[in-house]
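Down below is the structure, laid out as structure tokens.
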Amino acid sequence: MISYPNSSKPKKVMLLGSGELGKETIIEAQRLGMVTIAVDRYENAPAMQVADHSYVVDMLDGVELRKVIELEKPDLVVPEIEAIATETLIDLENEGFCIVPTAKATNLTMDREGIRRLASEELGIPTAKYAFADTLEELRSAVQEIGIPCVIKPIMSSSGKGQTICRSIEDVEMSWNEAISGGRGKKARVIVEEFIHFESEITLLTVRSVSGTTFCAPIGHVQKDGDYIESWQPHAMSEEQIAEAQDIAKKITDALGGYGLFGVELFLSAKGVYFSEVSPRPHDTGMVTMATQDLSEFALHIRAILGYPIPGVQLLTPGASRTVKAWKESKGYQIEGIEDSLSIPNTQVRIFGKPETKVGRRMAVVLSSGESVEVARNQAEIAASKIRITHS
């Protein structure tokens, strides 16, 4: 249980990580009267553009991280990315700072090893078979143990960076190099996972608040190289699958503790529901909720961490999201075609405002609603195709 300070002054929230998800979180915090501080490793990050204050900090450097938190003394410290010195957050929580949802949750979920061991070995939740490797030789042995094809990932990364499907022993070295170059943090360590032949993959947004545990309608999504391309809500599931998914999500979020929104990723297969990953924060696939729900995932997160009630979440309409990505690295770019995109019925466009483009970097998202998921997905795909990123 989180204890919130009693004060007549506006509460101060500090976001560690200031990308597009952080930007929407900051906006929702300001709507409820909070003073907002955005922190990231680079200048002019999206959330910094709307926050009251901002800092550029190497968040993997515990000394730098402690310095900025002690300077601002926020009521709530809200990690929004994985690449953070979580040991420092644990120390700060022990000293009285409020880490959202808890320092334990942030520490366990920042790398795939901690959360996979919690789910499989402590909670008995169904997962793919897995192994870990610290060297190329260990990886070769792990691949032979798990079997081919398998999925190889860095234990810590964002937006699917460093993830590959290994289809032969000859691919192992390439997968190792990809994982090491795409990972974050100081550990040269990877996870090898059994390739699950799933029918679909979903995100089950799960909210822990003073009102108890609340679930959003399941969100289906398509990923490429571990990074999401599109998502939709609701995803069609049987009552049995929904009950199984909610049971898994409640077990894992109860174990992590604290208040806030969690993005629980699951595989739906002929053999049942498998746990994949969990993020103790708003999820990229959950951006679709800005078009589908009465309260977006960002509004839910802020309400929960402030200790406000969440009696329920209403799905107002089927909807879909579609990402717009850059395919060139540049510090000078323009986003064009917005007018054409907005000519598609029931469509919104969110431009993130990132200061530069990189290959595969998400720069915007299109949100569409419709009478059915199929209609919304089609509209979002057409609307996203009309947006162009040009470089100067």
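Data for the structure
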{"read-out": "Sparse-neighbourhood loop sites, GluC sites (Glu not before Pro) in the range 21-52 - DSSP loop, at most 11 other Cβ within 10 angstrom", "value": "E43"}
{"read-out": "Rg in Å to one decimal, and Dmax rounded to a whole Å, for the range 179-334 via C-alpha atoms", "value": "16.6, 50"}
{"read-out": "Span-rule helices in the chain, defined as complete DSSP H runs reaching 20 Å or more along the axis (Cα) with Kyte mean at least -1.0", "value": "239-256"}
{"read-out": "Net charge of Cβ neighbours under 15 Å - reference K251; Lys, Arg +1; Asp, Glu -1", "value": "-3"}
{"read-out": "Gyration tensor (Cα) of the range 12-99, equivalent ellipsoid semi-axes in angstrom", "value": "19, 14, 10"}
{"read-out": "Percent of alpha-carbon pairs separated by more than 15 Å within the range 317-392", "value": "50"}
{"read-out": "Two-site FRET efficiency, K271 against S141, from Cβ-Cβ distance with R₀ of 22 Å, rounded to 0.05", "value": "0.25"}
{"read-out": "Flagged links, alpha-carbon separation over 28 Å, of K129/K161; K271/K386; K129/K250", "value": "K271/K386"}
{"read-out": "Within straight-line cross-link reach of K12, lysines at Cα separation under 27 Å, skipping those fewer than 8 residues along the same chain", "value": "K23, K67, K73, K104, K354"}
{"read-out": "Karplus (6.51, -1.76, 1.60) ³J(HN,Hα), θ = phi - 60°, over the range 361-370, in Hz, Gly and Pro reported as x", "value": "6, 6, 10, 6, 9, 9, 10, 9, 10, x"}
{"read-out": "Cα gyration tensor category, rounded, prolate or oblate, for the range 129-194 with a/c compared to 1.5", "value": "prolate"}
{"read-out": "20 °C / 1.002 mPa s Stokes-Einstein diffusion coefficient of the chain, Kirkwood radius on C-alpha pairs, µm²/s", "value": "100"}
{"read-out": "Cα centroid of the range 97-136 to Cα centroid of the range 152-218, whole Å", "value": "11"}
{"read-out": "GNM flexibility winner over the chain from E240, E297, E82 (Cα, springs under 10 Å)", "value": "E240"}
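Each reported figure results from applying straightforward, stated rules to the coordinates on display, with no laboratory input. Worth saying up front: this structure is predicted, and the values here are computed from it rather than measured. Cβ: placed from backbone, ideal geometry, glycine included. Neighbour counts: every protein chain shown.
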